[in-house]
Amino acid sequence: MSKRNLSFQSLCVKEHKDTKTTTPHQLPVYATSSFVFDEVEESVEIFTGKKQGHVYSRYGNPTIDTVAAKVAGLEALDTQLEPFAFMTSSGMSAISTLCYAICDSGDSILTQANIYGGTTELFNKVMLRHGINPIYTRHTDTDTLRSIVSENPAIKAIYLETPSNPMLDCVDLEAISAFAKEKGLITIIDNTFCTPYLQQPLKFGIDFIIHSATKYLNGHGNSISGIIIGTDDDAKVKIKTTLKLMGGTCNAWDAWLLNNGLKTLTLRMDVHSRNAMELAQWLSLHPAVEQVNYCGLESHASHIIAKKQMSAFGGMLSFKIKGGQQDAFRFMNKLQLCTQAPTLGDVDTLVLHPATSSHLNIDKEIRESFGITQNLIRVSVGIENIADIVEYFGQVFE
Ligand SMILES: Cc1ncc(COP(=O)(O)O)c(C=O)c1O
């Protein structure tokens, strides 16, 4: 039947032939669940991996794959490496997909408790139930690492976050990667706070990078997504299979929003870093402040490590206000320029009370042993004029 003979109803339903004749300037959003084939043999070739191509957006999609490849290229810039990258539905799905892909039941992961609370909860409440056992340490002392690893032969991977959320503690990437290689362990880093603009873990020999791309990579707080990056071909197959079958794939629209955000990443990170340094210095001189945690300050315990592996110190800091939880709450409620929101890395300055939000479900004793006390406030310093930020902070203290 020729197309001209189709009925009105059928013409409405049928996709019209694509009229594209020129290349779009901007990456299109491929809002499609599946891809079509002229001949079934072509579909078989793609399904069996003999031919490159897209079949179903849970398996891969041009918008998503293009953005993933862009971030992989940024992580590997100035290296000889050609990493793969997969975008996921969130930072959490990047962590869980990767861990389930490379670990088996009975394996242990050596991790830190002083990281994003959701990651610790994932290890304790989900992965543990499926036989993947978290072991906690600080990752800062090689002798302790050595003795934990020798006592726990089931340890398969080292998971780290540097700088950590919300205390900005850093792990020496060169040292931990050398240790892991000596012991045959896999290394995974959450590079969310830095982005590849400030820190490129692959250069230090780290095996896998995950991002909550929801944060600085996007920068505008309008999408949730994650990324897994690595270089090992066997792992790539396992990750691809796990992602496809557990279904934590990103969607094209969120990938597209990330692509937009990436275009201004360097501009934003430069201003975030400059503003955070200025606010940290100002806070550290204020009589109402007990302690400032910013790895750009010489007084921070991780400053030397941060200086070695980061090109700037980023936009995240936390501080302890003199007093307790009520004083922290009162301060946050009065801070009008800043937004109270449980996220970070957006262009506007955001404040959060970790003990009652991001780290609420971490055991209080453990939380406090890492300094996450009731008077701690986390600040994701935005790209506003720093004079305004400082003035607003000053007014609230008064
Ligand atoms: C450092 C870090 N990693 C991972 C995540 C999880 O990311 P998402 O919310 O995109 O799942 C967060 C969330 O706040 C985070 O702060």
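Helical runs (DSSP H, four residues minimum) scored at -39500 (n - 2.57) apiece and divided by the length of the chain put the mean residue ellipticity at 222 nm at -11000 deg cm²/dmol. Here the label points at GLU290 and SER369, each 7 Å from Cα along the C-beta direction, are separated by 1.9 nm in the simple model. Computed about the Cα centre, the dipole magnitude for the chain is approximately 800 debye when only Lys and Arg (+1) and Asp and Glu (-1) carry charge, each at its Cβ. For region 308-363 and region 204-235, compute the distance between their C-alpha centroids and round to whole Å. Here the two parts' Cα centres lie 23 Å apart. Ranking ILE366, ALA328, PHE393 by Cα position along the charge dipole of region 285-398, where only Lys, Arg, Asp and Glu carry charges on their C-beta atoms, puts ILE366 farthest toward the positive end.
Between helix 233-246 and the chain there is an angle of about 80 degrees, using the helix long axis and the longest principal axis of the Cα atoms.
In a fully extended conformation the segment linking VAL44 and ALA175 would gain 42.5 nm over its present Cα-Cα distance, using 0.36 nm per residue.
With a Förster radius of 41 Å applied to the beta-carbon distance between LYS70 and GLN336, the computed FRET efficiency rounds to 0.65. Cβ-Cβ distance of ASN385 and ASN5, R₀ of 56 Å, FRET efficiency by 1/(1 + (r/R0)^6): the value works out to about 0.30. Calculated FRET efficiency, LEU27 to LYS322, Cβ-Cβ distance, R0 = 35 Å: about 0.10 to the nearest 0.05. Rg/Rh for the chain to two decimals, with Rh computed the Kirkwood way over all alpha-carbon pairs. Value, to two decimals: 1.02.
When the listed pairs LYS20/LYS51; LYS183/LYS308; LYS156/LYS215; LYS51/LYS240; LYS20/LYS244; LYS203/LYS263 are checked against a 18 Å cut-off, the alpha-carbon distance exceeds it for LYS20/LYS51; LYS183/LYS308; LYS156/LYS215; LYS20/LYS244; LYS203/LYS263.
Each label point was placed 7 Å from the Cα along the Cα-to-Cβ direction; for ASP270 and SER147 their separation is 4.8 nm.
Within the chain, antiparallel bridges make up roughly 55 percent of the DSSP beta bridges whose residues both belong there. With the charge dipole of the chain set up from +1 on Lys and Arg Cβ and -1 on Asp and Glu Cβ about the Cα centre, the Cα lying farthest toward the positive end among the listed residues TYR59, ALA255, THR21 is that of THR21.
The long axis of helix 386-397 is offset from the longest Cα principal axis of the chain by roughly 50 degrees. Comparing HIS211, HIS300, HIS272 in a Gaussian network model of the chain, where Cα atoms under 10 Å apart are tied by springs, the biggest mean-square fluctuation is seen for HIS300. Computed from label points 7 Å out along Cα-Cβ, the spacing between GLN281 and ALA154 is 5.0 nm.
Name the residue from PRO153, SER177, VAL126 whose Cα lies farthest towards the positive end of the charge dipole of region 123-181, charges +1 on Cβ of Lys and Arg and -1 on Cβ of Asp and Glu. Farthest towards the positive end: VAL126.
The largest-to-smallest principal axis extents of the Cα set in region 265-397 are 36, 32, 28 Å.
Of interest is the spacing of the C-alpha centroids, which for region 119-144 and region 241-271 amounts to 27 Å.
Each reported figure results from applying straightforward, stated rules to the coordinates on display, with no laboratory input. Here the structure is a predicted model, which is why all the values come from computation and not from measurement. Every residue, glycine as well, gets a Cβ built from its backbone with ideal geometry; the counts of neighbours run over all protein chains shown.
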